Amino acid sequence: MRYRYLVGLVSILFVLTNCSSSNKQDPMLNVISTLRTVVKERNNPTPIVDPTKVITREMLDASSQPLILIRVPTRQIIATLGLFPGETLGAVWLGADGSSISTDNGILRATRGMSYDLVSADTGPTQKALSTVKAGQVFAYERSYKYIVEDNRDLIVTVQCELNVVKSTSVEIFKRDYPVMEYVEACNNDMLSYENRYWREFSGKMRKSLQWQGTDIGYIMIETLI
């Protein structure tokens, strides 16, 4: 993702402004206006607006618009993205500049608009492991990731993974604690090694995760706000 587009990504998803008239008082729409005003008033052509300094727990509690917060440490990105209002495979979360990430029940499936995009990742093995593994067990499987590289060639990265339960715990998101089960997914091949972490509610909802996107971007932290 080009640095000059950070402002657009930080602004809460433009599709939220297309809500019906019955949702016009949704406080999250006020956040959009606030963030955009802050950006316009900055002299710096590429200001980074931290949405965690603008959004409050009260706003989240009063809103019904699906919303996630992402953090990409290698790119100094922290942004809110909203759910694309259409029929798609899995969930597509959009930023105001058109950048997006796609998830399947919280598992990262794809990214768009970043400098090194993940075209697709198979999420099925991880989904099965999360639903099957018990404390004290290790669930082993294979995963693959697809990228587009030079000369428009496909690059398929295949890794061997093991998932296990770490502990029952809780995560705090905007001053609210959520009881979750923490999992770690350790993956590797001859060229790389990484660990994904998942904090999953007992209902099966992914509340928070730290997931590897690729060798250039590194990890993306995803928190489910609404």
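When the residues of the range 50-82 are filtered to those that are closer than 15 Å to TYR219 by Cβ and open to solvent by 10 Å² or more (accessible area, probe 1.4 Å), which remaining residue is modelled with the highest pLDDT? Ranking the candidates gives ARG71 first. Taking the criterion of being in contact (Cβ under 8 Å) with a residue 40 or more places away in the chain, under 16 Å from GLN211 (Cα atoms) and surrounded by fewer than 17 Cβ atoms within 10 Å (Cβ to Cβ), the residues of the range 103-127 that qualify are ASN105, TYR116. Condition check for ILE226 on (1) among the hydrophobic types (A, V, I, L, M, F, W, C); (2) part of a strand (DSSP E or B); (3) within 30 Å of ASP61 (Cα to Cα); (4) in contact (Cβ under 8 Å) with a residue 40 or more places away in the chain: one failure, at (2). Residue count for the range 186-198 satisfying the condition of being within 13 Å of the chain's Cα centre (by Cα) and open to solvent by 10 Å² or more (accessible area, probe 1.4 Å): 1. Residue pairs whose Cβ atoms lie under 7 Å apart, sitting 6 or more positions apart in sequence or on different chains, and linking a residue in the range 166-195 that is within 24 Å of PRO125 (Cβ to Cβ) and touching a residue at least 40 places away in the same chain (Cβ under 8 Å) to a partner that is surrounded by fewer than 13 Cβ atoms within 10 Å (Cβ to Cβ) and not aromatic (Phe, Trp, Tyr), are CYS187/GLN160. Of all residues in the range 212-223, which are in contact with a Lys or Arg (Cβ under 7 Å, 6 or more places away or on another chain) and open to solvent by 20 Å² or more (accessible area, probe 1.4 Å)? Listed by number, the list holds a single entry, MET221.
Take the conditions (1) without any contact (Cβ under 8 Å) to a residue 40 or more places away in the chain; (2) over 20 Å from the mean Cα position of the chain (by Cα); (3) open to solvent by less than 50 Å² (accessible area, probe 1.4 Å); SER100 misses just one of them, which is (2). Taking the listed residues LEU155, LEU130, LEU163, LEU94, the one that is surrounded by 12 or more Cβ atoms within 10 Å (Cβ to Cβ), within 16 Å of the chain's Cα centre (by Cα) and among the aliphatic types (A, V, I, L, M) is LEU94, with no other qualifying.
The values are calculated or read from the model by the stated rules, or taken from the named source; none is laboratory data. Note that this is a predicted model, so its numbers are computed, not measured. We place every Cβ from the backbone using ideal geometry, glycine too, and count neighbours over all the protein chains shown. Note: accessible area is taken over every heavy atom of the protein model, side chains too, but ligands, DNA and RNA are not part of it. Shrake-Rupley method; radii C 1.70, N 1.55, O 1.52, S 1.80 Å.
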